[in-house]
Amino acid sequence: MAIFSAEHRRLMQMLHPSHHQEYSELLTSLGAFMEKEILPLSPKLDAGTASIKGPRAALFAQGMGQIPFPTEYGGLGLPFSVYAISVELLGTADASIALSVEIHNAVAEGLVNFGSESQKESYVEKIITGRKLASFALTEPASGSDAGTMATTAEKKAGEFVINGSKMFITNAGEADVYLVFARTKKGPSAFILEAPNRGLRFGAELQKLGMRGSKTHEVIFSDCRVPEENLVGEEGKGADYAKEILHGARIVVAALNVGISQLAYGKAVAYAKQRRAFGKSISEFQLIKEKIADMKTEISAGRLLYLYASKVKELGGDFSSEASQAKVFATEMSLRVSDEAIQIHGGYGYTTDDLHRHWRDARLLTIGEGTSEVLRMLIARRELSREL
Ligand SMILES: Cc1cc2nc3c(=O)[nH]c(=O)nc-3n(C[C@H](O)[C@H](O)[C@H](O)COP(=O)(O)OP(=O)(O)OC[C@H]3O[C@@H](n4cnc5c(N)ncnc54)[C@H](O)[C@@H]3O)c2cc1C
């Protein structure tokens, strides 16, 4: 199976008629690298017998982190839709590396959009080339969807901000060099760049997860954690707006990641259906199995079109929050249905094979992380009800 397929190539042609060859070459080469170097490692990452560090660093060396960023900060300056497809490919090769890379890149996007010139110069190129691993620290033990109620504080004292509190379920925590931390100052939630190590920064034990097991997730604890005043990102009190904006973009990418997971689960289901026999014939000849294959394929195509549509709306500028949320809600729920049907088609082998049920376990995170389906449905409805018809 080619991770970058003829279907992706056709979509590139439609989306970028004058540059599709250049973009397709980049994605073909990334896809080939992922097939050779990442895909075979994926079961080991799930089993905890391989580390994410080597393959993630190798991906950055291939330029994946640089795709959508401006050339003045070391990026490739390519459209967001090209980046989103690259994350779909990575979601097929290994979902947990894709999770780690997408949240890392979301931090870089936040700094490009809201950071000062000197913050952009100091951090963006290092992050997108993988020289510094980044982590996004918003959720707290008692505030997730309702992030505006965050209890972590940042008090201004003698040219520094002193951060106290904790953040929960943080991807890349413990490994990251740079944390984008959201904490409440007198003016409200604000964003800070925190470099590790720092005497006031420590981590809870690694959280044991249902899926996405290659990625690291920890609680992050701040005890009089000092950051220089110049590490405030943008304006004090605007952190909640920045977090929302960063997450809108990240949701498109999470949708792409889920299409990638679904694609692999679907590919395995089709291959198995063709070779498994029952009642004297291949199970792929049964109408009820054919219906599953048809529905899985149709839903994957729909998820892909939704995340590419949201990417294009983002590229054109303006508000893309509803389109990004529609793509995420649909693609994350779709990948649960598709990976569940892949288990069903494999029968008992589906339930007992790690390398198959891990697709459902990986997909299960993303109707929760980066905006739950419930909260995103509220966001879509609010946005759509306020639109002129
Ligand atoms: C593996 C993993 C990795 C993560 N990585 C990160 C990370 O890197 N950085 C980060 O900051 N966070 C991260 N998160 C946190 C994630 O974004 C949150 O778990 C998510 O936003 C939901 O918050 P919560 O868990 O507190 O659930 P809650 O907000 O408590 O929600 C619980 C339930 O109530 C529902 N609910 C809440 N409000 C409403 C409402 N108004 N109407 C209807 N239903 C509602 C929710 O949809 C959900 O079903 C990660 C989480 C996990 C599990």
Do we find a residue being within 19 Å of the chain's Cα centre (by Cα) and within 16 Å of the ligand (Cβ to nearest atom) anywhere in segment 334-352? yes
Could you grab me the full set of residues in segment 358-387 that are under 20 Å from the mean Cα position of the chain (by Cα) and over 27 Å from residue 143 (Cα atoms)? 358, 359
Selection within segment 205-243 - hydroxyl-bearing (Ser, Thr, Tyr) and within 17 Å of the chain's Cα centre (by Cα): 215, 217
Within segment 88-97, is there a residue that is free of Cβ contacts under 8 Å to residues at least 60 places away in the same chain and open to solvent by less than 40 Å² (accessible area, probe 1.4 Å)? no
May I ask you to list the residues in segment 196-208 that are out of contact with any strand residue (DSSP E or B) (no Cβ under 6 Å at 6 or more places or on another chain) and either closer than 24 Å to residue 235 by Cβ or crowded, with 17+ Cβ neighbours inside 10 Å (or both)? 196
For segment 114-124, check the following and say yes or no: at least one residue is assigned to a helix (DSSP H, G or I) and either modelled with pLDDT under 95 or within 28 Å of residue 206 (Cβ to Cβ) (or both). yes
Output for segment 353-378, where each listed residue is open to solvent by less than 30 Å² (accessible area, probe 1.4 Å) and part of a helix (DSSP H, G or I): 356, 358, 359, 361, 362, 363, 366, 367, 373, 376
Give me a count of the residues in segment 167-195 that are crowded, with 19+ Cβ neighbours inside 10 Å and in a strand (DSSP E or B). 18
Restricted to segment 125-159 and to residues being open to solvent by 40 Å² or more (accessible area, probe 1.4 Å), in contact with a helix residue (DSSP H, G or I) (Cβ under 6 Å, 6 or more places away or on another chain) and not in a loop (DSSP other than H, G, I, E, B), the residue farthest from the ligand (Cβ to nearest atom) is 125
State whether the residues of segment 50-58 include one that is surrounded by fewer than 21 Cβ atoms within 10 Å (Cβ to Cβ) and closer than 24 Å to residue 339 by Cα. yes
I need a count of the residues in segment 160-175 that are in contact with a helix residue (DSSP H, G or I) (Cβ under 8 Å, 6 or more places away or on another chain) and near the ligand (Cβ under 10 Å from one of its atoms). 2
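The values are calculated or read from the model by the stated rules, or taken from the named source; none is laboratory data. Remember, predicted model here, so these are calculated numbers, not experimental data. Glycine also receives a Cβ, built like all others from the backbone with ideal geometry; neighbour counts cover every protein chain displayed. Heads up: the accessible areas ignore ligands, DNA and RNA and are worked out on the full protein's heavy atoms, side chains in. Shrake-Rupley method; radii C 1.70, N 1.55, O 1.52, S 1.80 Å.
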